[in-house]
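To start, the structure itself, in structure tokens.
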Amino acid sequence: MTSTSVRAEFPNPVGTPPAPRQRARIRALGLPASFLAPAAILLGIWLIYPMVATVVRAFFDDRGDKFVWFENFDRMFSDPIIHTAIKNNVIWILVAPIAVTAFGLLLAVLTERIVWASALKIVLFMPLAISLFAVGVIWRIMYREDTEQGAINASLKVVHDVFKDEGVLPDARPSSDAVSDRFVFTKQLSAGDTALLGLTAISPREVPEGSTQAVEPQSTSGAITGVVWRDFSPGGGTPGTVENGELGIPGVTINLLRGSNTIETATSENDGSFEFADISGSGYRVQVAPKTFAQPYGGVSWLGASLITPSIIIAFLWTSVGFAMVIIGAGLSAIPRDVLEAARTDGGSELQIFRRVTIPLLMPVLTVVFVTQMIGVLKIFDLIYAIAPGSVQNHATTLAFEMWKRSFSGQNNFGLGAAIAAFLMLLFLPFLIYQVRSQRRNL
Amino acid sequence: MKSRRWALLFALALALSVIAAGCGGGDDEEGEGGGGTTAAAAEDVSGTISTVAVWTGAEAKAFQKVVDGFQEKYPNVTVKYKGAKDPGQVISTAVQGGNPPDVAALNSPGLMFDFVDQGALKPIDFAKSDIQANYTPDWVKNGTVNGKLYGVFFKGANKSTVWYNTHAFEDAGIEPPATWEDLIAAGNTLKNSGVPAYAFGAGEGWTLTDLFENLYLRIAGAEKYDQLAEHKIPWTDPSVKETLTEMTKIFKDSGNIAGGTSGALQMQFPDSVSQVFQPSDPKAAMVIEGDFVPGVVAGQTQAKPQTDYNVFKFPSVDGKGADDVVGGGDIVVMFKDNPAARALVKYLASPEAAEIWARQGGFSSPNKSLDTSVYPDEITRTTASALAQAETFRFDLSDLQPSEFGGDAMFTDLQDFFKTSDVDATAKKLEKDAAAAYK
Amino acid sequence: MAAAEVSQPAMRSDATFRNRIANAPVNFFLLLIGIAWLVPAAGLFVTSLLPPEVSNAEGWWNVFSNPSELTFDNYSQLFDNDQITHALFVTAQVTIGATVLPVLFAALAGYALAWIDFPGADLVFVAIVGLMVVPIQMALIPMFTLYNKANLYDTVPGLILFHTAFALPLGIFLLRNFFIGIPKDLMEAARIDGASEWRLFFKVVLPLGLPAIAALAIFQVLFVWNDFLIGFVLAQDNTPIAPTLAGQLRQFGSNLDVIAPASFFSAVIPLTVFALFQRYFVQGLLAGSVK
């Protein structure tokens, strides 16, 4: 598109003679200058000057008095925390934009086909209207590891429990050496022997309903008898012996082992007693069935060091996918009807059309979304600040976060902060060049 | 029209200069500084001063009453108070910007050292005799830098306390232990009784440094504590390693910690308190933290003092240090020297100011002249008197360090130690980080 | 092409297109997605209705079995909280200022770059496009120092100006690209009627540019209202709502009973703006950025 030259098309309205060429040019500059002045002043002071000032500042010490050459940069690159920050930036750049764009594309395509598209768009776009700090708070709550407190782990637990049962006594331990770590009574048994399976680290509330005082098993000929009980008395008691006040544990499965095979099982009574009748010979062992101690679902450690960055990225996706979906969706509906019809009459599956026609036509929109995400991802601060607990901040950090931390969180090292900011700017340069290039192409 | 405008301007200028003169005059009078407790005529002191401290929410309301008491005494002074979760950060920024508050309550002497270094603080020697009369020598010393008095403690925290769930202790049949060895044994018994013994809000590193400091003071003694605080001995010193080794007795037993070490690392301090004192099925029996725990309990659970929870002193180690107190406090400092600010500082050093907040609860005063009967309950009375009267009192070590270390790296290092229980590696890392901060 | 995009959104896919992919599974999948998307915000809302002892002890979904625990106390305490009400007021001021100014200045500059021929116009525009990329981290340190010297620190105008400056590159980009799409004849017809550049701008160009201007305005409202970092660094007593919430973290207490209702309440404004004007938003953005 060519722009019109004002002076050529429209003479001076007051009626004075046309000005000589030089004067015209200056006057021609006066008008755009006044239109551009406010923007120019603001951009000059708030964007251009700071860029220079930050770079300059990076060469001075934390107070700003001493010129320290490259010391700040040196410090920056030798700091392992900064290394982690850079690593995290790379992860963010590689994962987030493509995930947002791809997911947005998928949803945009699918949403085309439903009646309630507008409603869905609003729902998905809504997170963008919430402050990123609040988003961080929301997800921090949801990521709590405790399955009773964190929504995500609670849902995972529901799924987990469909497949695996929780044991009756997940935390129990043997009360003495008489029972091995695998809950096998260490003494080999023959007919007429008794087994004392004492368990500890059981809360009184964990003992099933109906339990009564544990009983010392009586030796019975031709059988192996035993008791499984909560071997704890206030103050500790004497582990390994059944004492007054100690409750038997009913409903526990006991395995009778011969060698390594379970040949029979029994279930304990209210007083914890169990019996294997019709036993002859020796070489038996008894064991509390391992399923008794099946651990409850512990939940995933979303806020732990290894998962913290992915967890924050997921929260970021929640805010951005809606944006991508809406933009791409609008781009989709802007594709002229006839092109798609033509492709269809030429014969071709939906998938082919999608790949060969739709995607190329969507490229400009997809690129805009993708590049915007890349730029946005490098700047993220609020989410990290809100989601990462103090103990993993150094694992979740990024360059933007470190820049703030070194400058404004009390350390007041403006020199180092400026160095990080300058380095961060360097990372933005490729995008700057890309933007400039594509704009010039469009001119 | 024009002449009237000029007349108005002239009158305004005149009025302003009169007011300015009035203010300026006040400064000359107060210049003598303070021997004795007689205040200059309270009505003469005027102006607006700004203060910053860490107290927000309910605590801010409580402090406001103290301020009201001050404003009653000095009716021409207006005090503006702002609470901030991280007062060091807020004030550093303000100082950097050239606009500090008049008076502030810093929550660590490390910050005070930093500000003295930057030349931002004014000495408060005018209040010296008051302060020496109302505080034990250890407390006065903690407000002194390079021989000059810069700060006085208004609010204190006794961190040598252990809070426990009385029902859990009953079920396990144990009594509050008096020695460290007994504590470990009690921990085992609690575990056997079916409840994990300890809850740590390890997501906030200071909960771990507090444990370290209490042990270190008792194991290594007060002298070495001071040396370590000033980095005169390295963190690889055998005394440090010995303390870390004692800590592994708790940290290695992950099953005896609520949430295990990994869960505890994500837990904030208030959550760790809820874990111990929630009504049904507590997740742990004890939380080893300071006397601010009851405030959290009241705000977040239904547990009642003495019926549901109680406190015992941090135990002695090898028979040493039964009454030692490691504590914290908010230290009142002055950034701008003017009569109103001086008056506020003196006021906060008095038992009068302390009493106003003490009556409201959730407050311990290190002011030994305060009559402890004003505290609203028995538990506070015990912990607060221990704090004010302790023969050996040491300030929380992490708060004495440069903030880069004591507020950041030390926390991270101990959090890693919490996970790994690797004594040698941790000692080395602590030394490395401390050396970097002291450079 | 650009003009056609400006007038109205293209028509929806036709029926045969829709029939080609089985609808039921798509609907179901999207329904799941929709629900999953609502859960986090719903969780925040429910949390904001629970007293602190409850929200700290157990997950908010348990409320469905104990509905009596719900309370509006947190919200009523919110409005007693002076810091929060002040912050909301500050946020409103900054948002209005930082929406009106960028729209005005970007429109002026965009128009000049689109319709006034002067040497270097293209170069200037390309430079501005490049500036779109600059992160605010680059400006924080120098501006912090400058603001303190110029008494702009912790002031509403200070925040407004910072936001405005950083909104300009994108704003000028959007509006200039939009204005260029105005048909030449329209411009000439207006000029022949004897209008000066300024009258042309205010009476012709601005009204025509409403879609893009609306898009920019909405974007600014969302962005400025929810800003965290700028307010966090450049303000102290006059912080906007997001950093104020961060400051509500109590030293030893949990804070959900303040942060949850405040976050939810502060989201109402931008949500409303978005809901009312979403059509313009997408239109304007697309018209400006894709050709």
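The values are calculated or read from the model by the stated rules, or taken from the named source; none is laboratory data. Nothing here was measured: the structure is a model prediction, and the numbers come from that model. Note that each Cβ is placed from the backbone with ideal geometry, even for glycine, and that neighbours are counted across all protein chains shown.
So here's what we get for this one:
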| item | result |
| --- | --- |
| Residues being small (Gly, Ala, Ser) and either in a strand (DSSP E or B) or buried (at least 22 other Cβ atoms within 10 Å of the Cβ) (or both) - total across region B:74-86 | 1 |
| Breaking point among (1) more than 7 Å from chain A (Cβ to nearest Cβ); (2) crowded, with 21+ Cβ neighbours inside 10 Å; (3) over 24 Å from C:Leu175 (Cα atoms), for C:Leu113 | (3) |
| Test result for B:Phe212, under 21 Å from the mean Cα position of the chain (by Cα), outside any loop (DSSP other than H, G, I, E, B) and outside the structural domain of B:Lys252 (by TED's automatic domain parsing) | no |
| Elements of type strands (runs of 3 or more DSSP E) in region A:237-311, at least 3 residues being outside the structural domain of A:Val227 (by TED's automatic domain parsing), without any contact (Cβ under 8 Å) to a residue 12 or more places away in the chain and within 44 Å of the chain's Cα centre (by Cα) | none |
| Test: B:Thr189 is within 20 Å of the chain's Cα centre (by Cα) and either of a type in the set (S, T, N, Q) or not in a helix (DSSP H, G or I) (or both) | no |
| Verdict on B:Ser385 being assigned by TED's automatic domain parsing to the domain that holds B:Met112, more than 21 Å from B:Ala53 (Cβ to Cβ), outside any loop (DSSP other than H, G, I, E, B) and of a type outside the set (A, V, I, L, M) | yes |
| Any hit, region A:411-426, residues being under 26 Å from A:Asp61 (Cβ atoms), part of a helix (DSSP H, G or I), at pLDDT 85 or above and among the aromatic types (Phe, Trp, Tyr) | yes |
| Contacts under 6 angstrom Cβ, first residue in region A:391-418 being at the interface with chain B (Cβ under 10 Å from one of its Cβ atoms) and crowded, with 22+ Cβ neighbours inside 10 Å, partner small (Gly, Ala, Ser) and in a loop (DSSP other than H, G, I, E, B), 6 or more apart | A:Ser391/B:Gly203; A:Val392/A:Ala305 |
| Helices (runs of 4 or more DSSP H) fully within region A:323-409 counting 3 or more residues that are assigned by TED's automatic domain parsing to the domain that holds A:Leu106, out of contact with any strand residue (DSSP E or B) (no Cβ under 6 Å at 6 or more places or on another chain) and among the aliphatic types (A, V, I, L, M) | A:337-345, A:359-379, A:382-387, A:399-408 |
| Residue match in region B:348-369 (condition: closer than 28 Å to B:Gln118 by Cα and assigned to a helix (DSSP H, G or I)) | yes |
| Which numbered condition A:Arg440 fails, given (1) more than 12 Å from chain B (Cβ to nearest Cβ); (2) within 29 Å of the chain's Cα centre (by Cα); (3) surrounded by fewer than 24 Cβ atoms within 10 Å (Cβ to Cβ) | (2) |
| Near pairs, Cβ below 8 angstrom, 6+ apart or cross-chain, from region C:120-149 (within 14 Å of chain B (Cβ to nearest Cβ)) to any residue that is charged (D, E, K, R) and buried (at least 19 other Cβ atoms within 10 Å of the Cβ) | C:Ile141/A:Arg57; C:Pro142/A:Arg57 |
| Any pair with Cβ under 7 angstrom, 6 or more apart, that starts in region B:115-135 at a residue that is crowded, with 19+ Cβ neighbours inside 10 Å and ends at one that is of a type in the set (Asp, Glu) | B:Lys122/B:Asp337 |
| A:Val90 vs. criteria surrounded by fewer than 18 Cβ atoms within 10 Å (Cβ to Cβ) and either away from chain C (no Cβ under 13 Å) or among the basic types (Lys, Arg) (or both) | yes |
| The listed residue being out of contact with any Cys (no Cβ under 6 Å at 6 or more places or on another chain) and at pLDDT below 90, out of B:Val90, B:Val67, B:Val116, B:Val79 | B:Val90 |
| Scan of region B:140-195 for residues that are of a type in the set (D, E, K, R) and buried (at least 18 other Cβ atoms within 10 Å of the Cβ), ordered by number | B:Lys155, B:Lys159, B:Asp171, B:Lys191 |
| Residue within region B:248-261 that is assigned by TED's automatic domain parsing to the domain that holds B:Gly173, surrounded by fewer than 23 Cβ atoms within 10 Å (Cβ to Cβ) and more than 30 Å from A:Gly240 (Cα to Cα) present | no |
| Helices (runs of 4 or more DSSP H) contained entirely in region A:64-146, each with at least 1 residues that are modelled with pLDDT of 95 or more, assigned by TED's automatic domain parsing to the domain that holds A:Ile328 and not hydroxyl-bearing (Ser, Thr, Tyr) | A:80-111 |
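Matching residues to (1) within 30 Å of A:Pro290 (Cβ to Cβ); (2) crowded, with 21+ Cβ neighbours inside 10 Å; (3) more than 14 Å from the chain's Cα centre (by Cα); (4) more than 7 Å from every other protein chain (Cβ to nearest Cβ):
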residue	(1), (2), (3), (4)
A:Leu94	no, no, yes, yes
A:Ala108	no, yes, yes, yes
A:Ala119	no, no, yes, yes
A:Met126	no, no, yes, no
A:Ser131	no, yes, yes, no
A:Val135	no, yes, no, yes
A:Ile138	no, yes, no, no
A:Lys164	yes, no, yes, yes
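Let's see how each residue does on (1) part of a strand (DSSP E or B); (2) of a type outside the set (Asp, Glu); (3) within 12 Å of chain C (Cβ to nearest Cβ):
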{"position": "B:Trp55", "(1), (2), (3)": "no, yes, yes"}
{"position": "B:Lys61", "(1), (2), (3)": "no, yes, yes"}
{"position": "B:Val66", "(1), (2), (3)": "no, yes, no"}
{"position": "B:Glu72", "(1), (2), (3)": "no, no, no"}
{"position": "B:Gly88", "(1), (2), (3)": "no, yes, no"}
{"position": "B:Val95", "(1), (2), (3)": "no, yes, yes"}
{"position": "B:Gly110", "(1), (2), (3)": "no, yes, no"}
{"position": "B:Phe113", "(1), (2), (3)": "no, yes, no"}
{"position": "B:Val116", "(1), (2), (3)": "no, yes, no"}
